[in-house]
Structure formats: C-alpha cells, structure tokens
Amino acid sequence: MLAFRRIEIDNFVCFDNIVIEPSTDLDRPLTVIRAENGSGKTTFLRAVRWAMYGEQGLPGNFGLHPAWWQPDTVGVDTSVVLEFESDGSSRDFAEEAGATRVYQIVRSVTTIPADTVRADDRSFRRINEKTLMLVQNPNGTWEPLPAGADIIVRELLPWNLRDFLVMDADEVTDFAGGTDDHMSISRLESLTKTTDAIQSLLGINVFKQARYRLETLAKEFGRQASRAIGDRELDEMQEDLDRLHANNADLTGRIGDESEQQTQLEDDLQRRRSELEDELRKFGAHDDLHERLATNRRQHKATLKERDRNLALLSESLETMDLLAPLCRTAICGTYEFLRPLHDRGHIPLTHLQFVRSLLDEGRCVCGRDLSTGGEHRPRIEERIAKSEAAESRANYLHQLHEGVRTLSGRAQSSRWSDELANQRANLATREKELEELALEKQEIDERLGQIDEPKIRVLRDEIAAFDKQASQSASNLARLQLELERVNNEITSLSRTINQRRRNRREAADASRCEWVSRRVVEMLDNAYRTIEQDQVRELSDGMHRLFRRMAANVEGDDHDSRAGLRMIDRVGVQRSAGNDDQFELFARNSHGRDMPPVEINGASRRVLALAFVLALCIESQTRAPLIADSLLNSMSGPVRRNALRVTAAHSRQPILLLTYADLESSSEIETIERFGGAAYTLTGQWDVSERGNHGDVVRLTESRKVSLLCGCGPRQYCDICERVGQAESPGWTSRER
Amino acid sequence: MVSNLDRIFREIGRESERVAAEHDLQSDELTELVMAIVDVEDEHSFRNTNVKQRIKTLIQNFAGRMKNGESPEADSKAEGDGGDTREDDR
C-alpha cells in the first residue's frame, strides 16, 4: 500500500511554493486538481517525478528552475518534498513488517548559470543535488533512514511502476500504441512497455529472475555433486579400514590378555619374592646358625681336646713320683735337712767346684779377692779344685741326691699337691662345663636349623627364576604387541583421514545432490506458478480490463467523427501474448468480426480508454494499492466516455489524483462523481492567463506579477480571487469561495 | 516491492502442497522457502545484495533439514546409488 500525504513544491518552473495534500480517505479517495491547459498540470507531474526519481524522471535537458529566475551568480534553490505512507515494505524495518510508516523524500538542487562565453547565453547547470529520505517516528519527529534514499525509492516507488504512480496519460497510451501525436512509438517499444508492466505488477519478473538463478544454482550443485562423488576406491579402503579395526581389536585384546598375564606374573613374582624374602630371612639365620654350629663344633673339639689333656695331666701326675713324695715326706725331708747344710757349706763340692771354676773364669771371688792369673789367691783355689776333682764322682752323687731330695722336699708339701690337683680338677671341670654349654648351644642350633625349609627355598628360587623368565617374555611380547598396535593405529589414522575426506566429498556430493534436487523442485514450482499466473492471471487481467473498458465505453451514443475505429466498434479488449513472441504481451482490441485492430486503426480516445482500462485492471488484479497522479487522463474523450472513465478511475484506484481541465468537468455527471468520490480539490491558475481583454476563460485578476502558477483550494465549481475566470461568476452552479 | 503477493503466495502454496505430497515434505516449509527466495530476488531488484549466495544458503538450509529425515525419497535421489549403508550404519 502506498499513499501520498503531502506534496510541497518550491521554485519548480512555474511553481513558487505550492502545497497539496491529496485525500487519503479510502471512501473518498479522489483528489481533483483543476487546471486549464498551460496552467502547470504537466509541470506538477514532472515535479513529483523529479522528487521520486531525480534527473531520470525528467525529460532530457529539462530546466526545472523558476521561469522568473534570471541567471545570476547566486543561483536559485529548487526543492520538492513528497510525503507518503507505506505499509512497511521497506526491509529496514523488517521486524515491523506490515506496519504503516510515513516517509518524506526531500529533493533539492541549486541551478546556476553555466560557464558561458556569450553574455546572452541562458544555459544553466544544476549543482548540489541532495536527496533526503526521512521516516517519521511515532512521536512525530523525523529522522533520516539508514539506507540511502535511492534504495528506498527503488523499493517503495519502483521505476517500472512510474506510469502507474505518476501517469502522463499521453505516455500511458504507449501501452495501446501511442497517441495520435505520439504514434511514433514502435511496436517493440509498446510490447516491451506492456510486458514490463504486466511482469512487474504480477511479480512475474521476480519469478523469472528467481527461476533463472535457481536453474543456474541447480546446475552448479549438480556439477559439485558430480565432482565430489565417484570414488570407486572408497569401498576398498573401507574394507581395509575394517580389517585394520579388526586387527586393532585383536591386538588390543591380546595386549589386554598379555597385560593381565603380566600383572598376574608380577603378582606371583611379588608373592614368591615376599615368601623368599621371608625364607631368606630365615635362611640368613640358617647361615648364621650353620656358622655358629661350625664354631660350636670347633670349640667343642678344642674343649674336648683340652679336657683330654687335663685328664692326661691329671693321670700323669698321679702316675709320677710326685705321688711318692708325700708318702715319703718325712724321710725325704729329713734327708734334705741333712744334706742342705752340707750343700750350703760347700760340702757337696761339685756344685761348688763348678761355682769356683766360674769364679776363676771371672777372675774375682765372691769375697772380692782377686782370682785372676798371677794373683796370690788363685793357686790356693786351684789346689783345692784339684783335690776336689778326685772326689768329683762322689760329690756329684751327693749333689744329685741333694737335688732330688730338695725337689722332692718341695713337692712333699701337701698343699702344693692339693692345689695342683685342685687346679687340674678345676680345669677339668671348666672344660666339662664348656662342653656342656656347647652341647646346649648345638641343640639350640639344631632346633632352629630344623625350622628352616631349604627345599622350599630352592623351590621358591626356582619359581622366582621361572616367573622372572616368564615376565621377561611377557614384557617382550607386550612391547612387540604394542609396537604392532601403534603401527596399526597409525595406519588406521591415515586411512581414516583419507576415507573421511572422501566421505566428506561424498557427503558434499550427497548434500549437493540434495540441493540440486531442491533447486529443481523450486524451479518446477516457480515454473508452474509462473505459468498459472501468466496464463490464468493474465487472462483474469484481460477479462478485468475488458470489463472496465466496457464500463468506460458504456452508453456511447455515437462514434467520433474519425475514420478510425471508435469505442463502439471495439467488441473485445484485453491482453494477449504477442504473435511471434511468446514472451511478450500486448493489448488488443478486437472488432465484432474477431479481428484484432492494430493501433493505427483505433482512434486516440479509444486508445486512451484502452490504456486506462489496462492500467486500472492491472492495479486491481495485482492488488497494487498505490496513488495514481494522472495528467490529461480524460483528454480526447467524449462526454459519456469521459464521465465513465472518471467514475471508473475514481472507483477503482486507491488514490486517484487527477489533473483535469474545466472541460473534463463540465457535466453534472462528472460533478456527481467528484462529489461522490472526491476527498480533496485544488485549482491551479497560471498568472500568465490574465488578459486585459477579459475574454471568456481568461483569469480575472493578476495576483502575482511573476509568471507563476498559483494554487488555491477551489473545487470544480468554485472560484476565488486567485482562480476566477471570466464567465464563472455568471455561470450556473459556480460559487465563490472565500480564501 | 513485489505486487500481487497474495496471488503469488496462493499459487506457490498450491505448488508446495503438490510437491510436498509427492515427495513427503512439509508443504509449509516448502512455501516458506520459495517465498523467501522470491523475497530475496525482489530485494535485489532495488538493493545490491549477494542474492546468489543468499538463495544458495536458503536451499542448503532446506536441504540440510531434509537430510535429517524429512525426505527419504529426496535422500535416495540425492545419493544416486542408494547411499552408503555402511556410512548409515555408522
């Protein structure tokens, strides 16, 4: 939905400053701007188009500056403000789609003289063209739109709908082959214009674009799928991978078993070692015990030997003469007592002789006398020795006897013998005691040795050795299996990577295929919908156009005085595919004989009606609720047709803003239509229409000396001091309006 | 601004129902897809957009949702040779 709310024009050609507020009343949507020919109707249209489309909306080299402006260095500013409401089609407010917003396009430009050589050269140029796009906030303030004005205009006021928004009726007749003055439009241009209008308003052009783009995408997806798919090796690689995974599982199982076995071995080993340690602790004692036993044995042997020796000594002592001595004690002692003095006195000379000889050898006597050779004492001693030598054998015998009895006398002492005996006996007892202790020790050692299980230790050691060997073997197996597993895992990783890449390609291929399929389904849907719309809805458009045409052509009393076909001669109108070009549409007018009449065979008024019927029907069919600013819409139409066209336009257009002349509104039927549908009315009066001669139809009074067109609020049968024309005051039905 | 939206929506909806019934799809989603494409194309008519990529993304998203079980027929067509059962098994 689109509706204009306000149009303000400043310094645009013949307009000084005018403000028009078209009706937005849905029940009374018609706005009439009455303006005689040359009062600025077309200029008004161009001002609106310029506001919407800028330079593109103007004819070439169009001067939009005020007519009264003389080129000067200052220049003159021109602006047009177009305020309109739209129901949120702008995607800038996507979150509020469907809500009605009010926009303003403010377009302005400054016209300055062009750089010229000649002083009378009136060429000009425009600078500083600006376009603002504002949106009204709920609180009434205005703010610029984030998107550019041109984008919003393209969205809300598309160029291809310009003829449906701001209609120059002469240009619109191009749909039907042009006006009498504009028959130079080629058939191709007419076809193109008609086709564009139909495709734009029915949305077919969007379908076509979308279909074309989807077809392209479908092909792209298809190519992508074909490139990605087609890997024959993938299955073989997949089988290899499956085998590797099985191998991996097997190795993992074996490693698990081996690890478990190794753990068991280690547990057994640990247990055996603990047992062994326990046994060895005992065994360590065993070694000590054996050592002690060996020591015990040695000691026992030595003690035994010592005891035997003691026994032998004791026995020997008992077997010697020493036993005799105590028995002959008295005799022995007596003998000794007898012999001792002799001995002491030297009467046992042998000893004494030996002593004296030794003195001679020493050269000194015990009394101190010199016994050296040559001394006087020596010869006496030598004489004595010589005498004693004869008795040496007897002396020796006495000496021996003395020694014997002396010795025996010593031994005859009973205490010495008892002591000796006690001593030996004590020794013997000690040895016996030692032996006894050694025996006890041995017993203890034997008992303790009996507790130690040597075979068990041997077994434990054997077992430990065996377990060690097994554990070593197991560790070796485990290491080998783990290496193998690592190798397999590396292969799995590498192969998986390759397979995954190819699977991704295949998935991409599958995805691309799916996308291709979806794209083709959408193309198919768009084709079918497009065909339906194109056929059915175009047929409906055609039928609607015909209905409207018939209504506008109703009650035509007679044809125009024109050699070309008038409305009555046209039996059927509508839209059809162009002969020879299925992609294009054209309007047709068919006579009662079923023959299509080319535009040149149809008079101007009929072509205008045809075009108007087409425009209105297309807006109705496409539900395009937009304003229609139309200039010279009813031109060339006869009374009934004019009335019908006015009524049909007012009744079927969302916001008709019609620029009409007095002649277009001369009958009461038109006035009734305006009274029925009219919501706003204005009159444009060109001050150049003031004539001193006061001919009928001239503007009565000059309000503004400049050549401007003034606007007032007078309706079709009203006049005021600005717009009054000669004869209106006297004409029935006209009233004066106070400004 | 696309005119004739009501009629377009009606025709697209009709087509969606037909296609959805044939291929066991959700017609609402299909309608939404096509209308989104039409909207993207329409926006491109007045504003320079990356229209091709946007439409491609719409298609891919829809195809992705299909892949999650909405259209076995589409999947089998998409797979061509009946698909990789081993992949499916995995």
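Any read-out appearing in this document is the output of simple, stated calculations on the displayed coordinates, not a laboratory observation. Note that the coordinates shown come from a computational prediction; the quantities given were computed from them, not determined experimentally. Methodologically, a virtual Cβ is constructed for each residue, glycine included, from the backbone with ideal geometry; neighbour enumeration extends over all protein chains shown.
Assorted remarks:
- Treating r as the C-beta distance of residue A:483 and residue A:233 and R0 as 25 Å, the FRET efficiency rounds to 0.30.
- Per residue, the convex hull around the alpha carbon atoms of segment A:435-531 comes to 155 Å³.
- The trypsin sites (Lys or Arg not before Pro) found in segment A:570-638 that occupy coil by DSSP, while having at most 13 further C-beta atoms within 10 Å, are A:595.
- Per residue of peptide A:196-206, the mean number of Cβ atoms on other chains within 10 Å of the residue Cβ is 4.
- Filtered trypsin sites (Lys or Arg not before Pro), segment A:188-239: DSSP coil and at most 11 other beta carbons within 10 Å: A:232
- Shielding by partners - mean other protein chain Cβ count within 10 Å, residues of B:62-68: 4
- Share of pairwise Cα separations in the protein assembly as shown, more than 43 Å, in percent: 63
- Computed from the C-beta positions of residue A:651 and residue A:223 and an R0 of 45 Å, the FRET efficiency is 0.25 to the nearest 0.05.
- About its Cα centre, segment A:615-739 has a charge dipole of approximately 280 debye under the convention of +1 per Lys or Arg Cβ and -1 per Asp or Glu Cβ, with nothing else charged.
- Summing Lys and Arg as +1 and Asp and Glu as -1 over all other residues whose Cβ lies under 11 Å from the Cβ of residue A:675 gives a net charge of +1.
- Exercise: per-residue mean of other protein chain Cβ atoms within 10 Å, B:34-45: 6
- Seen from every direction in turn and averaged, the convex hull around the alpha carbons of segment A:649-711 projects onto 5.2 nm².
- Given charges at beta-carbon only (K, R positive; D, E negative), |dipole| of segment A:429-566 in Debye: 1080
- Using only side-chain charges placed at the Cβ, +1 for Lys and Arg and -1 for Asp and Glu, the dipole size of chain A relative to its Cα centre rounds to 1060 debye.
- Packing, as the average of other Cβ atoms within 10 Å across residues, places the peptides A:149-156, A:666-673 in the order A:149-156, A:666-673, highest first.
- Built amide H within the under 5 Å cut-off of residue A:700, gap 5+: A:724, A:725, A:726
- Sites residue A:56 and residue A:669 - FRET efficiency at Förster radius 41 Å, r taken between beta-carbons, to 0.05: 0.60
- Equivalent ellipsoid, segment A:476-561 (semi-axes from 5 times Cα gyration tensor eigenvalues, Å): 79, 7, 6
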